[in-house]
Number of protein chains: 2
Amino acid sequence: MSRDAVDASPSTSDAFFAADDAYVPRTALEKASRGQNFLLERWNAREKRNTDDDASSALAKTIVVVTSGGTTAPLERTQVRCVDNFSSGTRGARLVEELVARADVETVMLRREGSCAPHERIVIESATMSGESARVGRPSHALDALELVEGGDELRAKAAHRDATVRALRGVEAERDRLTVLTFKTLYEYLALLKATCETVEAEACRRGGRAVVVLAAAVSDFYVPWRDLPEHKIQSSAHTEVGLELTLKPVPKMLGEIKRVWCPSAFVASFKLETDVSILADKARQSLSRYGLDAVVANELTTRYDHVTIYTADGASKTLRRSDDPAVAGVEHGASSLDGQIVHELLRHVQSA
Amino acid sequence: MSRDAVDASPSTSDAFFAADDAYVPRTALEKASRGQNFLLERWNAREKRNTDDDASSALAKTIVVVTSGGTTAPLERTQVRCVDNFSSGTRGARLVEELVARADVETVMLRREGSCAPHERIVIESATMSGESARVGRPSHALDALELVEGGDELRAKAAHRDATVRALRGVEAERDRLTVLTFKTLYEYLALLKATCETVEAEACRRGGRAVVVLAAAVSDFYVPWRDLPEHKIQSSAHTEVGLELTLKPVPKMLGEIKRVWCPSAFVASFKLETDVSILADKARQSLSRYGLDAVVANELTTRYDHVTIYTADGASKTLRRSDDPAVAGVEHGASSLDGQIVHELLRHVQSA
């Protein structure tokens, strides 16, 4: 990583995404392109089905993109090692569940490999609450909600997890028609996929006479190694037994402003702002709004982020949303009673009433 | 990370694990200690149950420890960022499934958080083969193997996944009596937990008149930042916009030799050796055997690792094991027909025939 290596902050998004392997590897661009084709094929197939059948289930006019999870910054091209940042993807998964439950939107999820899965999450959380897997010492998985019917090879949901399991399975059913998931792992893949998806969704929403909405819930790396600066093979531990391993990571160019400016100008773009210091949260949220030309910023504080959030909008307004205190809905929260249902409703209200 | 920071390679395991926060944080030692207590409580409860009932289900004399997954090297004490290494934990999960299926052993799994879960894996792989979730674009999860019975709130396994789901649920049942899982994420947690577990299992196997077996399938980081050298808080991206982020990682002290030398001298210890170059594999495996005083090394090549492996033992012998070619067992491989079943059988043969 010498001084004559590539500049870490290319002045334009075009330079960053150029197919010359300087900042982003060609493989990430190709993966984004495959994702784009997959999305278009699904839309085509759905349109054909609608034409073949009656037209009662017309294509949704609103297309929502939700990003979820963290990104990795590889330290080797073969990607044995990487710098990772913590994000479970729970917020993104919850938002997607609420979106998939609505017939008036179509959802595209950009999901970090291995992060929290919509709908499966509901069953895992239900199983975790009962604490059964904790007796073995391991985290819960979906099988913990099930049991074999005695003396046979049939299975059923355990009584305590029946509601959660049925709700989750209905969600998995609905995913088939209303959700497309595109996965990423590295920062390169994420940025290339976000650009390709934004451009595709903008055009399609426009074609349908509707609108695109981009909800940025992913936690994106602040630092990375430009592709051209990466060693090809696994860094050998034997070559670094004395001084250890020296690494230099460059700042990731800010792409948030590119979304409204270039990739999907007519979209409604909302990002999440997470802070641990609540006193600076409002200012930081308003700064993001103007700096990146966003339509909304959902501000949340780390410890209370599943209890309440405040949405700041470009018109200068703000609105605080709280999860229901009703214990009857606390177990299997969903729709208007859940905080994420309210966030979805509030963001879509700005778009669909326009 | 200045030159006068702590030496990265303390000369003794005692210095490395000293409770002075130099190399390993106190929290990792405390977590290991809690894991140790959890293990002892489970054994006590089982022993009491055996005394209360008849004594038909006596405690297994052989206790096997399996390590699984990769480890992270944190870059901040608050652990927003870390260096990670790739390992899905599939090998460890498969070995644990085979061990849990046997009544003659008790298993302790040291599992990286979020890595492959024994038994759940079987259902996910079955669902992946049917390719249904691929239509949405996401990876499979266990719910993909299930469906709602039409017109009702009952569920069942889809026909294609019935065998896999039933086998997995029987495995989850058996986990309750035969498996204890202790989880780790960081390298610090892994090393502290491995030491505590080895010591505890050695003593318990001895008390039962049996033997401890340690199977090291985890991929451990080669580099880390000693705890004393870590910044307390999240590294601010704003402070590194010019030159970027400079990091120095130190080599991780080799602990493999400590297992037989200090932590559990009477155990049978087997480690895995993975290479991409098959021509150096045998030599590397034999080197590991003598260098760390191991009893067995399971050598495998990256692309064929689920098809065949060679086990090198301290007596100079070697034995190649292959998965069954019988297509009838290829779908839901298990026991003697599976490669992992054979590995388990072969390792235990050395111990239980002695």
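The values are calculated or read from the model by the stated rules, or taken from the named source; none is laboratory data. Bear in mind the structure is a predicted one, so any value in this text is a computation, not a measurement. Cβ sites come from the backbone with ideal geometry, for glycine too, and all protein chains shown count toward neighbours. We work out accessible area using only protein heavy atoms, side chains counted, and drop any ligands, DNA or RNA first. Shrake-Rupley method; radii C 1.70, N 1.55, O 1.52, S 1.80 Å.
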Review point. Can you pull out the residues in region A:134-153 that are open to solvent by 50 Å² or more (accessible area, probe 1.4 Å), within 19 Å of B:P118 (Cα to Cα) and outside any strand (DSSP E or B)?
Key: A:A134, A:R135, A:P139
Review point. What is the number of the single condition among (1) assigned to a helix (DSSP H, G or I); (2) buried (at least 23 other Cβ atoms within 10 Å of the Cβ) that A:E202 does not meet?
Key: (2)
Review point. What residue, among those in region B:229-271 that are modelled with pLDDT of 90 or more, more than 19 Å from A:C82 (Cα to Cα) and open to solvent by 40 Å² or more (accessible area, probe 1.4 Å), is nearest to the other protein chains (Cβ to nearest Cβ)?
Key: B:L256
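So for region B:300-308 (the condition being at pLDDT below 95, open to solvent by 50 Å² or more (accessible area, probe 1.4 Å) and part of a strand (DSSP E or B)), does at least one residue qualify? Spell out how you get there, then give the answer.
First, the residues of region B:300-308 that are at pLDDT below 95: B:300-308.
Of the ones still in play, those that are also open to solvent by 50 Å² or more (accessible area, probe 1.4 Å) are B:302-303, B:305-308.
Subsequent filtering for residues that are part of a strand (DSSP E or B) retains B:308.
Yes, that holds for at least one residue.
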Exercise for review: Check B:V225 against each of (1) more than 22 Å from the chain's Cα centre (by Cα); (2) over 30 Å from A:L148 (Cβ atoms); (3) open to solvent by 10 Å² or more (accessible area, probe 1.4 Å); (4) touching a residue at least 60 places away in the same chain (Cβ under 8 Å) and name the one condition it does not meet.
Suggested key: (3)
Study note, to complete from the structure: Of (1) within 29 Å of B:S221 (Cβ to Cβ); (2) out of contact with any Asp or Glu (no Cβ under 9 Å at 6 or more places or on another chain); (3) surrounded by fewer than 19 Cβ atoms within 10 Å (Cβ to Cβ), A:D52 fails just (1)
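The rows are residues; the columns are (1) modelled with pLDDT of 95 or more; (2) of a type in the set (G, A, S); (3) outside the structural domain of A:T67 (by TED's automatic domain parsing).
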residue	(1), (2), (3)
A:G114	no, yes, no
A:V136	yes, no, yes
A:L143	yes, no, yes
A:V149	no, no, yes
A:A157	yes, yes, yes
Check your understanding: Condition test on B:A58, is it of a type in the set (G, A, S), in a helix (DSSP H, G or I), more than 9 Å from chain A (Cβ to nearest Cβ) and out of contact with any Ser or Thr (no Cβ under 9 Å at 6 or more places or on another chain)?
Key -> no
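Would you check if A:L191 is of a type in the set (A, V, I, L, M) and either assigned to a helix (DSSP H, G or I) or over 30 Å from A:R49 (Cα atoms) (or both)?
Details: of a type in the set (A, V, I, L, M): yes; either assigned to a helix (DSSP H, G or I) or over 30 Å from A:R49 (Cα atoms) (or both): yes.
Considered against the rule, which asks whether it is of a type in the set (A, V, I, L, M) and either assigned to a helix (DSSP H, G or I) or over 30 Å from A:R49 (Cα atoms) (or both), A:L191 comes out as yes.
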Point to revise | Of residues in region B:174-189 being open to solvent by less than 10 Å² (accessible area, probe 1.4 Å) and hydroxyl-bearing (S, T, Y), the one nearest to B:A218 (Cα to Cα) | key: B:T186
Exercise for review: Any chance you could count how many residues in region B:158-215 are of a type in the set (K, R) and touching a Gly at 6+ places or on another chain (Cβ under 7 Å)?
Suggested key: 0
Exercise for review: Those residues that are of a type in the set (S, T, Y) and either at pLDDT 95 or above or not in a loop (DSSP other than H, G, I, E, B) (or both), I need them from region A:214-228; list them, please.
Suggested key: A:Y224
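Okay, residues lined up against (1) open to solvent by less than 60 Å² (accessible area, probe 1.4 Å); (2) within 14 Å of B:R94 (Cα to Cα); (3) modelled with pLDDT of 95 or more:
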position	(1), (2), (3)
B:A282	yes, no, no
B:A285	yes, no, no
B:V298	yes, no, yes
B:T313	yes, no, yes
B:D326	no, no, no
B:A330	yes, no, no
B:E333	yes, yes, no
B:S337	yes, yes, no
B:Q352	no, no, no
Check your understanding: If you take the residues of region A:159-173 that are over 21 Å from A:A60 (Cβ atoms) and more than 8 Å from chain B (Cβ to nearest Cβ), which of them is surrounded by the fewest Cβ atoms within 10 Å (Cβ to Cβ)?
Key -> A:A159
**Study point:** region B:73-87, residues that are of a type in the set (D, E, K, R) and open to solvent by 10 Å² or more (accessible area, probe 1.4 Å)
**Key:** B:R77, B:R81, B:D84
Check your understanding: Among B:R121, B:R111, which is crowded, with 16+ Cβ neighbours inside 10 Å, within 10 Å of another protein chain (Cβ to nearest Cβ) and assigned to a helix (DSSP H, G or I)?
Key -> B:R121
Review point. Just to be sure, is A:T180 in contact (Cβ under 8 Å) with a residue 60 or more places away in the chain and at the interface with chain B (Cβ under 8 Å from one of its Cβ atoms)?
Key: yes
Check your understanding: Which one is farthest from the other protein chains (Cβ to nearest Cβ), of the residues in region B:91-108 that are buried (at least 21 other Cβ atoms within 10 Å of the Cβ) and of a type in the set (D, E)?
Key -> B:E98
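This table checks each residue for (1) within 13 Å of another protein chain (Cβ to nearest Cβ); (2) more than 22 Å from A:A270 (Cβ to Cβ); (3) open to solvent by less than 70 Å² (accessible area, probe 1.4 Å); (4) out of contact with any helix residue (DSSP H, G or I) (no Cβ under 7 Å at 6 or more places or on another chain).
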residue	(1), (2), (3), (4)
A:R26	no, yes, no, yes
A:K31	yes, yes, yes, no
A:N44	no, yes, no, yes
A:V64	no, no, yes, no
A:T71	yes, no, yes, no
A:G89	yes, no, yes, yes
Exercise for review: Scan (1) surrounded by 20 or more Cβ atoms within 10 Å (Cβ to Cβ); (2) free of Cβ contacts under 8 Å to residues at least 24 places away in the same chain; (3) part of a strand (DSSP E or B) for the single condition B:R156 breaks and write down its number.
Suggested key: (1)
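Kindly indicate whether any position in region B:95-104 is without any contact (Cβ under 8 Å) to a residue 24 or more places away in the chain and either of a type in the set (F, W, Y) or touching a helix residue (DSSP H, G or I) at 6+ places or on another chain (Cβ under 7 Å) (or both).
For region B:95-104, residues without any contact (Cβ under 8 Å) to a residue 24 or more places away in the chain and either of a type in the set (F, W, Y) or touching a helix residue (DSSP H, G or I) at 6+ places or on another chain (Cβ under 7 Å) (or both): absent.
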Review point. Do the conditions hold for B:G131, that is, is it surrounded by fewer than 22 Cβ atoms within 10 Å (Cβ to Cβ) and more than 9 Å from chain A (Cβ to nearest Cβ)?
Key: yes
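Select from region A:287-296 the residues that are free of Cβ contacts under 8 Å to residues at least 12 places away in the same chain and surrounded by fewer than 13 Cβ atoms within 10 Å (Cβ to Cβ) and list them in ascending order. Working first, answer last.
Within region A:287-296, the first condition is being free of Cβ contacts under 8 Å to residues at least 12 places away in the same chain, and the residues that meet it are A:287, A:290.
Within region A:287-296, A:S290 is the sole residue that qualifies.
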Review point. Just a yes or no: is a residue in region B:170-182 in contact with a Leu (Cβ under 8 Å, 6 or more places away or on another chain) and of a type in the set (S, T, Y)?
Key: yes
